[in-house]
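Reading through the structure tokens given below for one structure.
The values are calculated or read from the model by the stated rules, or taken from the named source; none is laboratory data. Just so it is clear, the model here is predicted, and its values are computed rather than measured. Neighbour counts run over all protein chains shown; Cβ positions are idealised from the backbone, glycine included. The protein model used for the area step is the full one, side chains on, heavy atoms only, and it has no ligands, DNA or RNA in it. Shrake-Rupley method; radii C 1.70, N 1.55, O 1.52, S 1.80 Å.
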Amino acid sequence: MTSPSRADSTRDRILEAGKSEFARHGIAGARVDRIAKAAKTSKERVYAYFRSKEELYRFIAAQELDAVAEATRLDPTDLPGYAGRIHDYFTAHRENLLLMRWGQLEFAGTDPDDATRDTAIRKTAQIRRAQQDGHLDPSWDPLDILMFVNQLAMAWADRLGVDNSAATGTQSEFALARRAAIVTAVERLFPATRSATDDRPNP
């Protein structure tokens, strides 16, 4: 009989292998046999945990949404800072970025899954409360604010180090300048109403 710890280890290996496979090949191009081989298990075991390749992808993508939310922490009173954190997260986790890009491409035109829908609902509710409290311009639709900030934050995430032939200075200088441009763009659209020092404990 398989012990719970061993079963959990197999499942974790499947998730890790699936994440790499989807990032490299997308959902349509991913192969369950390759996932099973990388996870050191069988295709039958993969299907025992997840009924389909799509179900496996959606589970992994939902985990990634949670990880992004935890790492970036939406603060509607400081959307420029939030945009900078999103940029930092995805430039540091390129495999995760590719994973999400494939889902956007291959599920385009379909209804969003529960995890994506729940995340959007939760974040737009936060933005709406900030508008009601006077921190953000209430004439904007909260969903538009979320979309515009995310798109600006992701503008350079998958391009740094790929095409900077027109850049001057070092790679590091180029990357820092792109991040600064993102934060400045969001600041001009949605100025922060709380400074970073507000989080510091009182002396």
### Unit charges on C-beta of K, R, D, E only; dipole of the stretch 1-155, Debye
820
### Task
Can you work out the accessible area per residue across the stretch 46-122, with the rest of the protein chains kept in place, probe 1.4 Å, in square angstrom?
51
### Message
For K40, give me every one of the lysines with a C-alpha distance below 29 angstrom, ignoring sequence neighbours fewer than eight places off in its own chain.
### Response
K19, K53
## Note on the structure
Projected onto their principal axes, the Cα atoms of the stretch 55-162 stretch, largest extent first, over whole-Å spans of 40, 33, 23
### 11 Å beta-carbon shell around A38, net charge (K/R +1, D/E -1)
+4
### Task
Note the per residue figure in Å³ for the convex hull of the C-alpha positions in the stretch 8-118.
112
